[in-house]
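Chemist: If you scroll down you'll find the structure; I have some questions about it.
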Amino acid sequence: MTPSFAPGDQVKVRAADVTTHCRTPHYLRGKRGVVARVFGAFPNPEQLAYHRPGVPYQPLYQIEFDFREVWGRAEANTVITADIYQHWLERDA
Amino acid sequence: MAHDHDHPHHDHGHDHAHADDTHAPVNEAHGVRPESVLLERALRELLIEKNVFTAAGLQRQIELTESRNPELGARVVARAWTDPQYKARLLAEAKPAIESLLGIDLNLTPELTVVENTSGRHHVICCTLCSCYPRAVLGIPPAWYKSPEYRARMVSEPRAVLAEFGTRLPDDVEVRVVDSTADMRYMVLPLRPRHTDNMSEAELVALITRDSMIGVTVLPEPRR
């Protein structure tokens, strides 16, 4: 699967709720960020956890979040980055 | 190498929970629940019985894991400090640069990225979801790294947690909390302390601590 996003793109983490295994932390769901790095594609961990092959592989991105966007309060000059798979990201126009 | 910290991650300022503390959270550093031990043993014996892996293979993997320690990371850092071309290779693509320097095979270990601390930018790593850690170059993570306190607080009040490690950064230094949520592991390339220009690579290795490669501390200038 080719990456849909490039460094600098504004994205939003899907605010979905899942009850099964997943690597998208709750504290970042629904939050806006910017693509910092594009890594390769990896087997989807939500399938791997249940002994399935993890296809299609999901491109992985390092996303940069402003501290205030995440927590709604300020922390001086602080950024949080997290690695999010493509199927959890949508373009933030 | 790195001294063990008292673990400054409780909200109430008291020291780390001890094994005899009945209020200690079950997944705290010192206590392993007896049922976890039984579960591990049952699972291990079943997997061996079903030929998923062999007892000898498991033993080899344990030995490999235990052979990894922060000196490996320190050697990588010392080389990056002394060889700009090596540093560029390391930051661009960490695994091959580390493999060639240390002569180890990282084929079966997770992907790895090295992030560079500078005078204006400080990275610190954590894993809010579990305990992802650059084991290939730092070995087994310290207990506090896996504690719920560190994992929750490093993303929600990073400057306060850093200060508890003795790391007080001015506001004009950007703090970047790197949450290792997926297939990528991160190691920090700490800022080289001043007054180390005349030190040999081996002397530099001895200076570099595990905690500085996690990013919870900044390396001090060596005593002269």
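The values are calculated or read from the model by the stated rules, or taken from the named source; none is laboratory data. All figures in this text were calculated on a predicted structure; none of them were measured in a lab. All Cβ positions, even for glycine, are placed from backbone atoms using ideal geometry, and neighbour counts span all protein chains on display.
Chemist: List the helices (runs of 4 or more DSSP H) inside the range B:57-126, counting only whole elements, that have at least 2 residues being in contact with a Phe, Trp or Tyr (Cβ under 8 Å, 6 or more places away or on another chain) and over 30 Å from residue A:76 (Cα atoms).
Modeler: B:94-102
Chemist: Give the residue that is modelled with the lowest pLDDT, with candidates limited to residues of the range B:93-123 that are of a type in the set (A, V, I, L, M) and surrounded by fewer than 23 Cβ atoms within 10 Å (Cβ to Cβ).
Modeler: B:108
Chemist: Looking at B:143, B:160, B:202, which is the one that is out of contact with any Ser or Thr (no Cβ under 9 Å at 6 or more places or on another chain), among the aliphatic types (A, V, I, L, M) and within 12 Å of chain A (Cβ to nearest Cβ)?
Modeler: Values: B:143 fails: within 12 Å of chain A (Cβ to nearest Cβ); B:202 fails: within 12 Å of chain A (Cβ to nearest Cβ).
Every option except B:160 fails the conditions.
Chemist: Please specify each residue of the range A:5-22 satisfying the condition of being under 13 Å from residue A:63 (Cβ atoms) and surrounded by 15 or more Cβ atoms within 10 Å (Cβ to Cβ).
Modeler: A:5, A:9, A:11, A:12, A:13, A:14
Chemist: Just need a number here: residues in the range B:175-196 that are part of a strand (DSSP E or B) and either surrounded by fewer than 21 Cβ atoms within 10 Å (Cβ to Cβ) or not acidic (Asp, Glu) (or both).
Modeler: The total comes to 10.
Chemist: Being over 14 Å from the mean Cα position of the chain (by Cα) and more than 14 Å from chain A (Cβ to nearest Cβ), is that true of even one residue in the range B:119-135?
Modeler: no
Chemist: Say we look at the range A:21-78 and pick out the residues that are small (Gly, Ala, Ser), touching a strand residue (DSSP E or B) at 6+ places or on another chain (Cβ under 6 Å) and within 11 Å of chain B (Cβ to nearest Cβ); which of these is nearest to residue A:1 (Cα to Cα)?
Modeler: Residue satisfying both the conditions and the ranking: A:41.
Chemist: Moving to a separate point now. Do we find a residue being within 14 Å of chain B (Cβ to nearest Cβ), under 23 Å from residue B:92 (Cα atoms), in contact (Cβ under 8 Å) with a residue 12 or more places away in the chain and of a type in the set (A, V, I, L, M, F, W, C) anywhere in the range A:3-19?
Modeler: No, that holds for no residue.
Chemist: Turning to a different aspect of this structure: Which residue out of B:179, B:183, B:172 is touching a residue at least 60 places away in the same chain (Cβ under 8 Å) and at the interface with chain A (Cβ under 10 Å from one of its Cβ atoms)?
Modeler: Step by step, each of B:179, B:183, B:172 is checked, and only B:183 is touching a residue at least 60 places away in the same chain (Cβ under 8 Å) and at the interface with chain A (Cβ under 10 Å from one of its Cβ atoms).
Chemist: Against the condition over 20 Å from residue A:83 (Cβ atoms), crowded, with 17+ Cβ neighbours inside 10 Å and touching a residue at least 12 places away in the same chain (Cβ under 8 Å), how does residue B:72 come out, does it pass?
Modeler: When the stated conditions are applied, residue B:72 passes them.
Chemist: Taking the condition within 23 Å of residue B:78 (Cβ to Cβ) and modelled with pLDDT of 95 or more, does residue B:143 pass? Steps first, answer last, please.
Modeler: On the way: within 23 Å of residue B:78 (Cβ to Cβ): no; modelled with pLDDT of 95 or more: yes.
When the stated conditions are applied, residue B:143 does not pass them.
Chemist: Give the residues of the range B:180-215 that are farther than 21 Å from residue B:92 by Cβ and in contact with a strand residue (DSSP E or B) (Cβ under 6 Å, 6 or more places away or on another chain), sorted by residue number.
Modeler: B:181, B:214, listed by residue number.
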